[in-house]
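Before any comments, here is the structure.
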Amino acid sequence: MNQIKNHKWLKIILSLVTLVSISVILTGCGKSNASGSKDEIVKVGVVGTADNPIWKQVNKNLAKDHIKVKLVSFTDGILANQEESNKDLDLTAFQHYAFLHQEEKTKHYKFSVIGQSYLVPLNVFSKKIKNLNQIKNGDKIAIPNNVTNAGRALKVLQSAGLIKLDPSKGDAPAIKDITQNKHHLKIVQVDPAKIISLLPDFAAGITNSNFVQAAHMNPIKDAIYQVTPKYNDPKNKPWINVIVARKGDENNATYKKVVKAYHTASVAKVMKAQFDGVYTPAFKY
């Protein structure tokens, strides 16, 4: 009898062990990352937190595909590119073509654009004049002191008819590349974050929209001159922000779904509601 009982107990124990093993295997199959989430996580490097509402909508669009974007915020895009190159990020979404090309040229990164996001203006502001027709000989103009935005600011001044630039310098001309300056303007490079506060010392200044908004001004309505923000205008292409992957990941199926979820009417609607026309969607939807 004892042998029969022991045999029955042995069968019960083996059955329980089998059930537990199957449960562990099935649970393991449902996981796709160390956190235990059933969503596939895509780490995207951004600068600051302004774009969070956009990516919140992207995640809503991705829910059906069990993909979730996890934003990694940086104070400096240079660091974000380093992290992507080191494979600590999957994608980045903070830079325009001109900045990307400058980074690739100087640091030999192997990146690929997998989608466009938006176009943000770089406009002219002033506390002294109402329009650029009031510019006088010898006036001082403040522009950003980093290579790509300084080049873009000079292009803005050229589009306004105030200067001419050496066309061979492409998207990143410098002050030394000015070939005509009919008003003998004194163009001064300044920390872009300080330009709005320094406007009383200049006839005008050009800086990034985020710094304009931080000063409680509207980058569109408060500008005394602006370039029309059409993303399909070839002149604006260098300044379109892009979603970037490492070379070789251009056809990654998950990344393609992230871009598809971004290029939607729902995301364009969020841009319009959150940014009051400052962001122009750079994609068809």
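Bear in mind that the values in this text are calculations on the coordinates, not laboratory data. All values derive from a computational prediction rather than experimental measurement. Please note: Cβ atoms are built from the backbone with ideal geometry, for glycine as well, and neighbour counts cover all protein chains shown.
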Largest-first ellipsoid semi-axes for segment 122-228, taking √(5λ) over the Cα gyration tensor eigenvalues, angstrom: 20, 15, 12
Answer label for log10 I(q)/I(0) by the Debye sum over Cα atoms at q = 0.06, 0.17 Å⁻¹ (calculated), chosen among (1) -0.40, -1.35; (2) -0.28, -1.36; (3) -0.18, -1.53: (2)
Cross-link pairs Lys56/Lys87; Lys221/Lys256; Lys105/Lys176; Lys43/Lys155; Lys127/Lys269; Lys194/Lys230 - those with Cα-Cα distance over 26 Å: Lys221/Lys256; Lys43/Lys155; Lys127/Lys269; Lys194/Lys230
Span from the segment 219-236 Cα centroid across to the segment 158-173 one, whole angstrom: 16 Å
Residue among Asn133, Asn145, Asn52 with the largest mean-square fluctuation in a Gaussian network model of the chain, springs linking Cα atoms under 10 Å: Asn133
Charge dipole (debye, nearest 20) of segment 122-228; +1 at Cβ of Lys and Arg, -1 at Cβ of Asp and Glu: 260 debye
Positive-end extreme of charge dipole, the chain - chosen from Leu89, Tyr285, Ile135 (charges on Cβ): Tyr285
Assigned charges on the beta-carbon of Lys, Arg, Asp, Glu; the chain dipole about Cα centre (debye): 600 debye
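If you build the convex hull over the alpha carbons only and average its shadow over all orientations, what do you get for segment 71-161? Give it in nm² to one decimal. Don't skip to the answer; put the middle values down first.
On the way: hull surface 31.6 nm².
Value for segment 71-161: 7.9 nm².
How long are the three semi-axes of the equivalent ellipsoid for segment 108-156, computed from the Cα gyration tensor as the root of 5 times each eigenvalue, in whole Å, largest first?
Numbers: eigenvalues 200, 39, 11 Å².
Equivalent-ellipsoid dimensions as semi-axes: 32, 14, 7 Å.
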Within the chain, percent of DSSP bridges classed antiparallel, to nearest 5: 50 percent
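Take each of the peptides 121-127, 203-209, average the number of other beta-carbon atoms within 10 Å over its residues, and list them starting from the highest. Write out the running numbers ahead of the final one.
Details: 121-127: 22.0, 203-209: 24.7.
Peptide ranking by packing, descending: 203-209, 121-127.
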Computed [θ] at 222 nm, helices only, for the chain once each DSSP H run of length n ≥ 4 contributes -39500 (n - 2.57): -11000 deg cm²/dmol
Cα long-axis angle, helix 147-159 against the chain (0 to 90 degrees, to the nearest 10): 50 degrees
Segment 174-232 - charge dipole about Cα centre, Lys and Arg +1 at Cβ, Asp and Glu -1, debye rounded to 20: 160 debye
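When only C-alpha pairs under 8 Å and at least 6 residues apart count, what is the relative contact order of the chain, in percent?
25 percent
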Sorted by Cβ neighbour density within 10 Å, fewest at the top, the residues Thr75, Thr254: Thr75, Thr254
Selection from Ile196, Pro173, Gln226, by position along the positive dipole direction of the chain (Cβ): Gln226
Positive-pole candidate from Val72, Ala150, Asn52, dipole of the chain, charges at beta carbon: Asn52
